[in-house]
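The values are calculated or read from the model by the stated rules, or taken from the named source; none is laboratory data. Nothing here was measured: the structure is a model prediction, and the numbers come from that model. Virtual Cβ from ideal backbone geometry, glycine too; neighbours counted across all protein chains shown.
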Amino acid sequence: MTVATVPIQLPEPLFQRLKRAADLTHRSVEEIAATSIEAALPPATDLPPDIANELAAMQLFSDEALWAATEPSLAPTDERRLKQLNAAAGERDLTPAEDAEQQRLIDVYRRSVLRRAKAFAILAQRGHRVPATAGVKAPDNGGS
């Protein structure tokens, strides 16, 4: 990867925050600055724009809001239904309505996982201790 050097002027308090984060993580100020900038920008991925924008906006969340975002957001009834549909799919072909419902629930689940992962990543970047495995569990896929 090529590297561009960009001299910037930072307010002293901001530089001190970068320095503190660098010291705490045993990394350089440049690394912390680059990581922070990368996290603040929309991801360069194949994500749909609405999801990419939502994840990028999380960089501006308070720590409290980020901790709240680490909680699973798939409703228990939706989780149960997804498990039922996954089990049924392992036994038979789903009806078109069931298949559409399963895909919708999978999309909701994936979005929840992305949101939680992003929240944990930002919290870790801010110096918070986050679990090595953040309790992200996949719904039962019916053995497939």
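Hey, any hits in segment 76-89 for a residue that's part of a helix (DSSP H, G or I), surrounded by fewer than 13 Cβ atoms within 10 Å (Cβ to Cβ) and either in contact with a Cys (Cβ under 9 Å, 6 or more places away or on another chain) or of a type in the set (A, V, I, L, M) (or both)? Within segment 76-89, none of the residues are part of a helix (DSSP H, G or I), surrounded by fewer than 13 Cβ atoms within 10 Å (Cβ to Cβ) and either in contact with a Cys (Cβ under 9 Å, 6 or more places away or on another chain) or of a type in the set (A, V, I, L, M) (or both).
What about R80, is it among the basic types (K, R) and modelled with pLDDT of 95 or more? In short, yes.
Which is aliphatic (A, V, I, L, M) and either in contact (Cβ under 8 Å) with a residue 40 or more places away in the chain or surrounded by 11 or more Cβ atoms within 10 Å (Cβ to Cβ) (or both), of L10, L60? Steps first, answer last, please.
Values: L60 fails: either in contact (Cβ under 8 Å) with a residue 40 or more places away in the chain or surrounded by 11 or more Cβ atoms within 10 Å (Cβ to Cβ) (or both).
Selected residue: L10, the only one of L10, L60 that is aliphatic (A, V, I, L, M) and either in contact (Cβ under 8 Å) with a residue 40 or more places away in the chain or surrounded by 11 or more Cβ atoms within 10 Å (Cβ to Cβ) (or both).
Return the residues of segment 121-144 that are touching a helix residue (DSSP H, G or I) at 6+ places or on another chain (Cβ under 8 Å), in a helix (DSSP H, G or I) and at pLDDT 90 or above; say none if nothing qualifies. Of everything in segment 121-144, those that are touching a helix residue (DSSP H, G or I) at 6+ places or on another chain (Cβ under 8 Å), in a helix (DSSP H, G or I) and at pLDDT 90 or above turn out to be A121, I122, L123. The residue list T77, T70 contains one member that is touching a residue at least 60 places away in the same chain (Cβ under 8 Å) and either polar (S, T, N, Q) or within 21 Å of V113 (Cβ to Cβ) (or both), which is T70.
Conditions (1) within 17 Å of R129 (Cα to Cα); (2) assigned to a loop (DSSP other than H, G, I, E, B); (3) not assigned by TED's automatic domain parsing to the domain that holds R116, marked per residue:
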site: L18; (1), (2), (3): no, no, yes
site: A21; (1), (2), (3): yes, no, yes
site: R27; (1), (2), (3): yes, yes, yes
site: E54; (1), (2), (3): no, no, no
site: M58; (1), (2), (3): no, no, no
site: A65; (1), (2), (3): yes, no, no
site: E71; (1), (2), (3): yes, yes, no
